[in-house]
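In what follows, a structure is listed as structure tokens, so that the remarks can point back to it.
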Amino acid sequence: VFLPINITNAHWYLAVINTKLRKIQVLDSLGPQKKRDELRTTLIGLENYMEKILEDNRSKQHSWPNFNFTSSPWEVRDEVKSQMQTDGSSCGLFMLKYMECWTGMELSPNFTQEDIDGFRKKLPVLLVDSKHNLTPGGPKSSKTDSKGNGPNNPIASID
């Protein structure tokens, strides 16, 4: 389970709940950090949420060993051993790339700040061309809506 973590609107990193290994894996472009108070707060909130879901469903059937992420046997482990980010504005892009490349055990493929600089240029196109970003009746849609928007209409109205 990927958990994007934000520190006081200034830095993003990724925490991964690896249920098979019972580990919270931290991928931070700035490398290992001593304190992760925001991660602990997020995990406590997630524990409470999961317990509430189970309570409401009155079912204890699930495949997770337990939801007590802030206590043993869940180990919190920094997976990025040294600083990868060399600028002051790429942490969010690193976080997205971690989601794409994390296998559960390693980054595959590995990447650098230079790769992130290229990713910054590609991301807008990836988002615009995403199948999740299609406007019904828009230029890439095969259907025409009641306003006549469709594949031959280059401008789609958004209500």
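Please rank T42, T86, T19, fewest neighbouring Cβ atoms within 10 Å first, as an exposure proxy.
Ordered from fewest to most neighbouring Cβ atoms within 10 Å, T42, T86, T19 come out as T86, T19, T42.
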(request) Using label points projected 7 Å from each Cα along Cα→Cβ, tell me how many nm separate E100 and N68, to one decimal. (result) 3.9 nm
(request) Considering Cα pairs under 8 angstrom that are at least six residues apart, work out the relative contact order of segment 2-128 and quote it in whole percent. (result) 29 percent
(request) Just rank S90, S108, fewest to most, by other beta-carbon atoms within 10 angstrom. (result) S108, S90
(request) Among DSSP beta bridges lying fully in segment 2-128, give the percent that are antiparallel, nearest 5. (result) 75 percent
(request) Quickly work out the T8-to-R40 label distance, labels modelled 7 Å from Cα along the C-beta direction, and quote it in nm with one decimal. (result) 1.6 nm
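Any idea what the alpha-carbon Rg over 2.2 N^0.38 Å comes to for segment 2-128? Each step should come with its number before you reach the end.
On the way: Rg = 16.1 Å, N = 127, 2.2 N^0.38 = 13.9 Å.
It is 1.16.
Just want the ordering: M95, M105, M50, from fewest to most Cβ atoms lying within 10 Å of their own Cβ. Write down the numbers at each step before the final one.
Values: M95 21, M105 10, M50 16.
Going from sparsest to densest Cβ surroundings: M105, M50, M95.
Read-outs throughout are calculated quantities, based only on the coordinates presented, and are distinct from any laboratory measurement. In this text, all values refer to a predicted model and were calculated from it rather than measured experimentally. Methodologically, a virtual Cβ is constructed for each residue, glycine included, from the backbone with ideal geometry; neighbour enumeration extends over all protein chains shown.
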